[in-house]
1. Hey, what did the chain get for relative contact order, percent, Cα under 8 Å, at least 6 apart?
2. Taking only C-alpha pairs under 8 Å that are 6+ residues apart, what is the relative contact order of segment 62-219 in percent?
3. Straight-line reach from Lys360: which lysines have Cα under 16 Å away, leaving out those fewer than 8 places along the same chain?
4. Which residue, Lys305, Lys216, Lys117, has the most motion in a Gaussian network model of the chain that connects Cα atoms within less than 10 Å?
5. Taking Cα atoms, how many degrees apart are the long axis of helix 15-26 and the longest axis of the chain, rounded to 10 and kept between 0 and 90?
6. Placing +1 at every Lys and Arg Cβ and -1 at every Asp and Glu Cβ, with all other atoms neutral, what dipole size does the chain have around its Cα centre, in debye to the nearest 20?
7. Starting from 0.36 nm per residue, how many nanometres of slack lie between Lys220 and Glu295 once their C-alpha separation is accounted for?
8. Describe numerically, in nm with one decimal, the distance between label points set 7 Å from Cα along Cα→Cβ at Glu406 and at Asp329.
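The values are calculated or read from the model by the stated rules, or taken from the named source; none is laboratory data. Here the structure is a predicted model, which is why all the values come from computation and not from measurement. Heads up, the Cβs are rebuilt from the backbone with ideal geometry, glycines too, and the neighbour counts pull from every protein chain shown. The protein model used for the area step is the full one, side chains on, heavy atoms only, and it has no ligands, DNA or RNA in it. Shrake-Rupley method; radii C 1.70, N 1.55, O 1.52, S 1.80 Å.
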Amino acid sequence: MTKSTKNSPNMNVSRRAILAGGAALSASLFLPKNLKAQDYPTDAVNTTGLAVTDDTVTVGILHSVTGTMAISETGSVQAEKLAIDQINAQGGVLGRKIEYIQEDGASDWPTFAEKAKKLLVNDNVASVMGCWTSASRKAVLPVFEQYNGMLYYPTFYEGLEQSPNVIYTGQEATQQIIAGIDWVTKEKGAKSFYLLGSDYIWPRTSNKIARKHIEKLGLKVVGEEYYPLGHTQFNSVINKIKLKKPDVIYAIVVGGSNVAFYKQLKAAGIDMTKESPVLLTISVTEDEIRGIGGENIEGAYACMKYFQSLENENNQEFVAAFKEMWGDDMVIGDVTQAAYLGPWLWKAAVEKAGSFDVDKVREASPGIELTSAPEGYVKVHPNHHLWSKTRVGKAMANGQYEVVFETDDLVEPDPFPEGYQ
């Protein structure tokens, strides 16, 4: 467990970096700036015993920084800390500086539940930024609902969920799974798919939705396989794929297993730059490519809402601030950017509500907008998901994605699409 504030040693960030990122989002909130704590007395803005004083408010950060999911979740921690520093540089939330208590879910779902309860019951945090896998989110959800906490969850996921205690800052199935299959069918003429995933709820449910959509389009699934988290031997399934000759390998492998999978694909002679078969993933961001190596995944496609290579001023400022804080060699993936939105959306809801109380923050959340989010513009839907664009990127040898497709408009989130439940 780590408790930190802006001045702690592990928050080494220059004033220039803080201001660069902070300025990008400050105009987007359309809220009064320089709010003073004395104008919001603690007993009035904190009626439920949260960790709020006249000077500070404490939140939780709950991600895996050890175990197989650390390769994916470390970026989320970094983004959330950057956002917190930037918010503090602007004067905090209702005039109070944000402190945080960080816990390690350790890639273990019962541990996530245990740490969530500690943050809510023992530490009385005002909100939590956390989780990556759907298994970890499902593990903590009963805890947040029992103790009325607020979770900001950053990962693209299978949908089929809507909780009053969660703000989902990533995509649900219609914004990613269905949209990605539509794209590869239209643009690549795909007619057959081999579904591959890690063995837990998100890949299995996502592939269930994918299969329904593929069959709805009159196309064919020629294989479907799952492997445990941390699995590193994929040669058997790669041989099956080569025998079946699908048009598309639809890959939802997560965490450290991706390193072995893509290296073994290349070693087996599957050249993704030739697009025969096309590889389409919804789980490999720039964070994972950093471990995989760009040369091992070049030519693959990913359906996400954010890529580090997005060419807009907001994103350029965000990337510069992130790299200045964490190092020039760092990369930023879809979930990392979605994690960055969490503290900003929470701040906006608190200040709209004029209170840290969870019930009031929840009521204030629908309609919150960030017009200068790195991905462009997002808005909180009444179903607690975000309106966002859908994009497809092509992996390059340098570890980045080239954006090859982007929806013209924001895609309305629909966590319960008819016919896919």
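1. Relative contact order comes out at 20 percent.
2. With pairs under 8 Å counted, the relative contact order is 17 percent.
3. Lys347, Lys352
4. Among Lys305, Lys216, Lys117, the largest GNM mean-square fluctuation belongs to Lys216.
5. 80
6. 720
7. 24.0 nm
8. Computed distance between label sites Glu406 and Asp329 equals 3.1 nm.
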